[in-house]
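The values are calculated or read from the model by the stated rules, or taken from the named source; none is laboratory data. Note that the structure is a prediction, hence the values are computed from the model and not measured. Backbone-built Cβ (ideal geometry, glycine too); neighbour counts: all protein chains shown. We work out accessible area using only protein heavy atoms, side chains counted, and drop any ligands, DNA or RNA first. Shrake-Rupley method; radii C 1.70, N 1.55, O 1.52, S 1.80 Å.
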Amino acid sequence: LKQFEELSSDKYLLIRLNDFKVLYGDKTDERFYPASLTKVVTMDALLHNVDDVNSTSSYSAAQYNELIAQNASIAGLSVNRDYSLEELLYALILPSGADAAMALENYCEDNNISLTEEMNKLSKELELKDSSFVNTTGLHDEKLYTTLEDYTALIVDTLKNDTGKKILKTMVYYGESGTYQSSLYALYHNGYVDVLGGKT
């Protein structure tokens with residue numbers, strides 16, 4: 001297809017969601033660093049471990065300062081303020097907030113759950129061949145990697161969860177403490193292709 005000839009990426013994978021058939025792909029089993037795409041795995045692992053998304057969590061000023069020093073993408077959450085896990089998930093996915101990832105990680109730690117361990121446990125359960133997750137934010141690490149084949153399986157797993165699917169399909173979310181806009185918003189119904197949802 002002409003569209004694939006014009007891609008700037010050397011890797012791509014297109015599947016049909018009704019039967020998961022691979023339609024087009026190239027270098028789908030090669031490792032890459034997922035960066036902020038990691039946050040979808042963060043959400044999926046959390047939703048596998050938490051039933052009540054109305055529970056609350058926060059993150060600290062020290063964590064905020066660390067994220068700023070690392071030049072992480074943040075959603076603009078206030079430090080030491082409680083947010084519902086649901087709002088934190090929207091802040092995690094739509095504007096790609098590493099601050100939301102920290103607050104979600106704090107909630108898990110308070111409940112004796114290691115979110116990164118659960119991300120890797122999920123990878124094993126899905127029988128992924130070549131993925132490793134060492135943080136919830138996607139900040140670069142040599143030991144943080146996946147492949148398009150593996151990542152597609154993780155996306156499909158997320159879409160099987162009603163909350164995960166709803167969040168991935170949301171372009172703008174109006175929370176109690178702010179508005180979060182998807183990084184995909186500029187592509188949404190842009191006249192070329194209808195974007196139903198996802199994560200950049």
On each of the three principal axes of the Cα atoms of region 4-53, give max minus min coordinate, whole Å, ordered largest first. 45, 27, 18
I want the local charge near residue 183. Using Cβ-Cβ distances under 11 Å, sum +1 for each Lys or Arg and -1 for each Asp or Glu among the other residues. +2
Please check the chain for the longest run free of GluC sites (Glu not before Pro) that are loop-located per DSSP (anything but H, G, I, E, B) and have at most 16 other Cβ atoms within 10 Å. 31-126
To test your reading of the geometry: what angle, between 0 and 90 degrees and rounded to tens, separates the Cα axis of helix 98-110 from the longest principal axis of the chain? 60 degrees
Find how many whole Å separate the alpha carbon centroid of region 114-170 from the alpha carbon centroid of region 39-62. 14 Å
Helix 115-125 axis, angle to the chain major axis (alpha carbon atoms, nearest 10°): 30 degrees
Can you work out the base-10 log of I(q)/I(0) for region 123-162 at q = 0.14, 0.16, 0.17 1/Å, using the Debye formula on its C-alpha atoms alone? -0.32, -0.42, -0.47
Looking only at 22, 40, 172, which one moves most when the chain is put into a Gaussian network model with springs between Cα atoms under 10 Å? 22
In square angstrom, rounded to the nearest 10, how much accessible surface does residue 141 have for a 1.4 Å probe? 60 Å²
With runs of 4+ DSSP H residues as the only contributors, calculate the mean residue ellipticity of the chain at 222 nm using -39,500 (n - 2.57) per run, divided by the residue total and rounded to the nearest 500. -11000 deg cm²/dmol
Surface share of carbon and sulfur [accessible, 1.4 angstrom probe, percent] for the chain: 45 percent
Within the set 134, 41, 156, GNM on the chain using Cα springs under 10 Å gives the largest fluctuation to 156
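Could you give the longest part of the chain that holds none of the trypsin sites (Lys or Arg not before Pro) found in DSSP loops with at most 15 neighbouring Cβ atoms within 10 Å?
Excluding the exposed sites themselves, the longest stretch runs over 32-80.
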Hey, could you grab the Kirkwood Rh for region 63-179? Inverse mean 1/r over distinct alpha carbon pairs, Å, one decimal. 15.2 Å
Go through region 11-99 and name the chymotrypsin sites (Phe, Trp or Tyr not before Pro) that are in a DSSP coil and have 12 or fewer other Cβ atoms within 10 Å of their Cβ. 20
Compactness check, the chain: C-alpha Rg relative to the 2.2 N^0.38 Å globular estimate gives 1.01
Shape box of region 41-81 [Cα atoms, principal axes, largest first, Å]: 32, 22, 14
Could you give the size of the charge dipole of region 90-130 about its Cα centre, using +1 on the Cβ of each K and R and -1 on the Cβ of each D and E, expressed in debye and rounded to the nearest 20? 140 debye
Rg to Rh ratio, region 128-200, alpha-carbon atoms and Kirkwood radius? 1.02
